Amino acid sequence: QVQVVESGGGLVQPGGSLRLSCAASISMFRIYVMGWYRQAPGKQRELVATITSGGSTNYADSVKGRFTISRDNAKKVGYLQMNSLKPEDTAVYYCNVGGVNLGAWGQGTQVTVSS
């Protein structure tokens, strides 16, 4: 059974940093696109960043220059390094492996940015 598990969320002050991790029990992890998405209360889920099997990355304008997506195919783990966090980054962050339509989703991890 395919599993995707996020970790690393928490409460952080504005300007702080967090690193989210995404562990995937997918045998061919290395061939799939991986992405991070987030959903704030009362809002739709939105793209944060994606990384292809070849390492090409794409970011939402709101996080460019602050967040960095990466992956370790040998460990089957993806990461989202979040710096200079803002209150508007507060959301549940979800990892997706394999695309939004047919891929696997994790259960989400809460990130709260507040003083």
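The values are calculated or read from the model by the stated rules, or taken from the named source; none is laboratory data. The shown structure was predicted, so the numbers you read here are calculated from the model rather than taken from an experiment. Cβ atoms come from the backbone with ideal geometry, glycine included; neighbour counts cover every protein chain shown. When the accessible area is computed, the model is the full protein with side chains, heavy atoms only, and any ligands, DNA or RNA have been set aside. Shrake-Rupley method; radii C 1.70, N 1.55, O 1.52, S 1.80 Å.
When the range 46-57 is filtered for residues that are within 12 Å of the chain's Cα centre (by Cα) and either open to solvent by 50 Å² or more (accessible area, probe 1.4 Å) or of a type in the set (Phe, Trp, Tyr) (or both), the ones remaining, listed by number, are 46, 47. Could you go through the range 22-37 and let me know if any residue there is at pLDDT 95 or above, farther than 23 Å from residue 1 by Cα and open to solvent by 40 Å² or more (accessible area, probe 1.4 Å). Looking for residues that are at pLDDT 95 or above, farther than 23 Å from residue 1 by Cα and open to solvent by 40 Å² or more (accessible area, probe 1.4 Å), one finds none in the range 22-37, hence no.
For residue 27, are the conditions met, namely being part of a loop (DSSP other than H, G, I, E, B) and touching a helix residue (DSSP H, G or I) at 6+ places or on another chain (Cβ under 6 Å)? Outline the logic, then answer.
On the way: part of a loop (DSSP other than H, G, I, E, B): yes; touching a helix residue (DSSP H, G or I) at 6+ places or on another chain (Cβ under 6 Å): no.
No: the conditions fail for residue 27.
Consider the range 12-21 and keep the residues that are open to solvent by less than 60 Å² (accessible area, probe 1.4 Å) and not small (Gly, Ala, Ser). The one that is farthest from residue 82 (Cα to Cα) is 12.
Residue-by-condition table, conditions (1) farther than 15 Å from residue 29 by Cα; (2) assigned to a loop (DSSP other than H, G, I, E, B); (3) touching a Gly at 6+ places or on another chain (Cβ under 9 Å); (4) not basic (Lys, Arg):
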| site | (1), (2), (3), (4) |
| --- | --- |
| 43 | yes, yes, no, no |
| 49 | yes, no, yes, yes |
| 54 | no, yes, no, yes |
| 58 | yes, no, yes, yes |
| 62 | yes, yes, no, yes |
| 74 | no, yes, no, yes |
| 78 | no, no, yes, yes |
| 94 | yes, no, yes, yes |
| 115 | yes, yes, no, yes |
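Residue check: is residue 2 exposed (fewer than 15 other Cβ atoms within 10 Å of the Cβ), under 20 Å from residue 98 (Cβ atoms) and among the β-branched types (Val, Ile, Thr)? In short, yes. Looking only at residues of the range 74-115 that are out of contact with any Ser or Thr (no Cβ under 8 Å at 6 or more places or on another chain) and β-branched (Val, Ile, Thr), we find that the one that is least open to solvent (accessible area, probe 1.4 Å) is 97.
Which residues, taken from the range 58-73, are among the polar types (S, T, N, Q) and open to solvent by 50 Å² or more (accessible area, probe 1.4 Å)? Result: 58, 62, 68, 73.
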